[in-house]
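The values are calculated or read from the model by the stated rules, or taken from the named source; none is laboratory data. Model, not experiment: these values are computed from the prediction. Remember, those area values only see protein heavy atoms, side chains included, never the ligands or the DNA or RNA. Shrake-Rupley method; radii C 1.70, N 1.55, O 1.52, S 1.80 Å.
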Amino acid sequence: DEEEEEEEERPVLARCRFSDADGAKSALEALKEVEGTPVTCSLLAGDDEEAFWEQVNAKFKAAFENPVKGKGKKGKGKGKGKDKGKGKGKDKGKGKGKGKGKGRGFPSD
């Protein structure tokens, strides 16, 4: 029981981005609880906001300058399927046995 109580009491941090300041302000005012649990909301501004963006930009810069080798080279691949390697060549995709003059009652003389 003690382990469950400790897990429930740990704070959860979530960040949201909005396209405009008005949306952020209205969400900040309206959001008071999530699934019955009271929440505390704050708006990053000033030095806190600047520090956040510096940290984010530093991570992006490091990832750009030192890319992890082996990622993103192969892509998704074609996968396995019964039609793998079979293109849409001559006479593919047409019905069976419905060529000119076959089985339509025309004399073959």
For this session: Could you please state how large a percent of the accessible area of region 25-64 is carbon and sulfur, counting protein chains only and using a 1.4 Å probe?
Result: 56
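Working out 0.36 nm times the residue gap between F64 and A14, then minus their Cα-Cα distance, what length gain in nm do you get to one decimal?
Full extension from F64 to A14 adds 15.5 nm.
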